[in-house]
Every structure is written in C-alpha cells, then in structure tokens.
1. With (1) open to solvent by less than 40 Å² (accessible area, probe 1.4 Å); (2) of a type in the set (A, V, I, L, M); (3) closer than 16 Å to F164 by Cβ as the list, and V345 as the residue in question, which single condition is left unmet?
2. Which of the residues spanning the range 308-342 are part of a loop (DSSP other than H, G, I, E, B) and open to solvent by 40 Å² or more (accessible area, probe 1.4 Å)?
3. What pairs can you find where one residue is in the range 1-24 and part of a helix (DSSP H, G or I) and surrounded by 10 or more Cβ atoms within 10 Å (Cβ to Cβ), the other is among the hydroxyl-bearing types (S, T, Y) and at pLDDT 85 or above, and their Cβ atoms are less than 7 Å apart, with a gap of 6+ or different chains?
4. Check R174, R115 and return the single one that is crowded, with 17+ Cβ neighbours inside 10 Å and more than 17 Å from the chain's Cα centre (by Cα).
5. Looking at the range 277-297, can you tell me whether even one residue there is open to solvent by 80 Å² or more (accessible area, probe 1.4 Å), in contact (Cβ under 8 Å) with a residue 60 or more places away in the chain and assigned to a loop (DSSP other than H, G, I, E, B)?
6. I need the full set of residues from the range 86-111 which are farther than 23 Å from D220 by Cα, open to solvent by less than 10 Å² (accessible area, probe 1.4 Å) and either assigned to a helix (DSSP H, G or I) or among the basic types (K, R) (or both), in order please.
7. Among the listed residues A171, A165, A156, A178, identify the single one that is out of contact with any strand residue (DSSP E or B) (no Cβ under 8 Å at 6 or more places or on another chain) and either within 25 Å of S32 (Cβ to Cβ) or modelled with pLDDT under 95 (or both).
8. Would the range 256-263 turn up any residue that is among the aromatic types (F, W, Y), in contact with a strand residue (DSSP E or B) (Cβ under 8 Å, 6 or more places away or on another chain) and either surrounded by 15 or more Cβ atoms within 10 Å (Cβ to Cβ) or farther than 26 Å from V89 by Cβ (or both)?
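The values are calculated or read from the model by the stated rules, or taken from the named source; none is laboratory data. Predicted model only: the values in this text are computed from it and were never measured. Glycine gets a Cβ as well: all are built from the backbone with ideal geometry, and neighbour counts include every protein chain shown. Heavy atoms of the whole protein, side chains included, go into the accessibility calculation; ligands, DNA and RNA do not. Shrake-Rupley method; radii C 1.70, N 1.55, O 1.52, S 1.80 Å.
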Amino acid sequence: MKLRLLAWDAAWSELVKVALYNDGPDISEVGSTWLGDLTAMGALHAFESDEITQLGRASRFLPAAWQGCQLPDRPEVWAIPWLVGARLVFFRRDLLLRTGVDEDEAFASAESFERTLHLLQEHHVPTPWIVPTVHTHTTLLNAASWVWAAGGDFIAPDGKHVLFAQHQAIAGLRNYFALGRYIPLELRQIGALHPDTQFLQHDDTAVTIGGPWLFNFLTDTVRDNVGLALPPGAPMLGGSHLVIWKHSRKQDAALKLIRFLTQTEAQVKYARRIGLLPAVVEALNEEPFTVDRLWRSAVQAVKAGRAVPITPSWGLTEDRLATEFAAVWQAFFDQPTLDLVAVLVRRLEPLARRLDQLLAQA
C-alpha cells in the first residue's frame, strides 16, 4: 500500500486533479465540505447498501456526520465519516475571573459574548480576543455559530439558492465582526493558525475559538487554567470523510481499509493523536472522551454541532465568502466607526445574486 500525505491547504487542488483526470489513489481522506463539488464532478464511487452493511450500518456513525455524506434529497452515499470536530470557545479562567462573569454565562449568547470581551478590555487584559482576520475559510467556520444564533443560514437545504445576504444572516455576521474591536492593533492581520499559537504561548490572551487539536499542546499548568464553552449558536461541525474514487480498480481492498479505519480501536487512537474526535458513536464512549474534562466538552460540541448542507457548489460558495469576509475585516479595521451592516450588505448582496444565477444553471 502506498500512502501520500498532502498539506491541508494544498489538498483540495490535488484532489481536483484526481477528479478531472480519473487518475490517482484508490481511497482518499477529504474535507467534509469538499464532498459536494467532488460528487458534481462525477468522480466518486457511490457506496452500495451491502457495502455500508459491511461497515456496520449508518447508525454506527454520528447522525450529523452521516448526513454530510449525502446530497440533499438524494439516497446515494458518497463517503464514510472518519473524523469530526466542532468549534469551541477557549478562555483563560483566571482572566475571566477578573470580570466577575460566571463561566456558564460568559459566552452563552452573542450579547453576553460581546459584554464579556468588553469587561476583559476594561480590566486591562492585553488581548481579550484573537481570531484570524485575513483570507481564510476559518472565518466562515467561526462566524457560522453567530449566523445560526441569529436565525440565519448560508445556503438553502436544497442547495438551490444562498441565504447569507438575508437579514438574519447579516445580523449574525455583524455580531461576529463587531468583536474585532477587542483584537489588539498589532494582531489584526493574522492567518488561520496564528490564533492557536497566540493563545498557547501568551498567558495574557483571554479568548479564542479553536478545536480539540489544541489539547495536545497544553501543558498541565495551562490545561488547568483553560475553560471551554460552546459558541453562541450551534458549533460548526466539520471533519473529514473517506471516499473511494470511481476510477479505482481495487474497490474491495479500499472498502477493507475503510472498515479497518472505522473500527473503534483505530478511531480512538488516531483521533486522539491528531486532536479530532471519532465519527463512530461507540468510540466516543472510550477514554479519554468520557473521563477528561476538555475531551468531554469536545464531545458535547460535536453532538450539538451543525453542518452546512452538502451541495455541488458549496466549495465555490465557501471560497467566495472567504474573500468577502477578508474585505469586511479590512474595511472595519481601516475605519472602526463604519456601519458594519451596510458594509456586509454591500459586499454580500452582489455575491448572492451571482451565486444564485450559477446555482439556477446547475
């Protein structure tokens, strides 16, 4: 068996080449939001019912993760869930204690979240808040909770038109981007991974959003001082799936490999090592997921998590939103008194019209 490792940022373009040229690996790990575009290219093997039975049936997997393996209103199963993760609010308990705000209430709503950051700033915490603010898909992953908390969404369940420019979604996005005022000036142009490093290495950084991959880098002292909370709305559920390419001539062997990778023992060992969670429900009942305080919170986030519908043009939508969100950050930092709602409407309404035209033709 040959194994090829791809950096996550470069993997998408490489997988598109596999899909276009029908040449490459027999089986791949793919990002959960990439599935719609790959199915639209006709490049994936659809799992037969007897193949799914060999893996132990759909009920073995987290329902939200399994749902992400099918297109809306379609019976075909195009992937098998492998690993899952959901966004979590990380905070330093000693810094929050200065504000007098209860940990259970501090981040429970968009309003209490902003109020908590304001109090941290008033108590002279140097870095109340840190998130990426340049062109990155992470902004969408983070902001989704605020959008859902406001009653908005990004795309219709049937995938035929977008919703991110509607009133509720704009209100949620406004609430998220408004928190940028609590990011210090010197940290307002940072990429996707910088907030993790900032939070881990600087004990005057109070709050960020991340995932369970951070657990493996926490020293015992820091670990005791780290609190976790769910974001204001449902956490964005992401992760990765296993797919078999249609061009594969070794589909039986590929299925055996998937069966091995989705066994409970393999799920627990690999998920813990890389800092994500198993997609198999049974594996979540094993240590450390049942005994460790932080891992228990991560399991809670996954079970409460919500995924975006898998649609054939979601990859394009995600990419265009990343571009517009970077422009919103830049406009806000250049002129903090700007009306954020007006900025968001000006950036997102034209994009929504273009994407709706594209989806209508698909």
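1. So the condition that V345 fails would be (1).
2. Listed by number, the residues that qualify are P312, Q335, P336, T337, L338, D339.
3. Once the first residue is part of a helix (DSSP H, G or I) and surrounded by 10 or more Cβ atoms within 10 Å (Cβ to Cβ) and sits in the range 1-24, its partners that are among the hydroxyl-bearing types (S, T, Y) and at pLDDT 85 or above give L15/S28.
4. From the options R174, R115, the qualifying one is R174.
5. No, because not a single residue in the range 277-297 is open to solvent by 80 Å² or more (accessible area, probe 1.4 Å), in contact (Cβ under 8 Å) with a residue 60 or more places away in the chain and assigned to a loop (DSSP other than H, G, I, E, B).
6. Once the filter is applied, which keeps residues that are farther than 23 Å from D220 by Cα, open to solvent by less than 10 Å² (accessible area, probe 1.4 Å) and either assigned to a helix (DSSP H, G or I) or among the basic types (K, R) (or both), the range 86-111 yields only A106.
7. On the way: A171 fails: either within 25 Å of S32 (Cβ to Cβ) or modelled with pLDDT under 95 (or both); A156 fails: out of contact with any strand residue (DSSP E or B) (no Cβ under 8 Å at 6 or more places or on another chain); A178 fails: either within 25 Å of S32 (Cβ to Cβ) or modelled with pLDDT under 95 (or both).
Matching residue, one of A171, A165, A156, A178: A165.
8. Of the range 256-263, the ones among the aromatic types (F, W, Y) are 260.
Still in the running and in contact with a strand residue (DSSP E or B) (Cβ under 8 Å, 6 or more places away or on another chain): none.
No, there is no match, as no residue in the range 256-263 is among the aromatic types (F, W, Y), in contact with a strand residue (DSSP E or B) (Cβ under 8 Å, 6 or more places away or on another chain) and either surrounded by 15 or more Cβ atoms within 10 Å (Cβ to Cβ) or farther than 26 Å from V89 by Cβ (or both).
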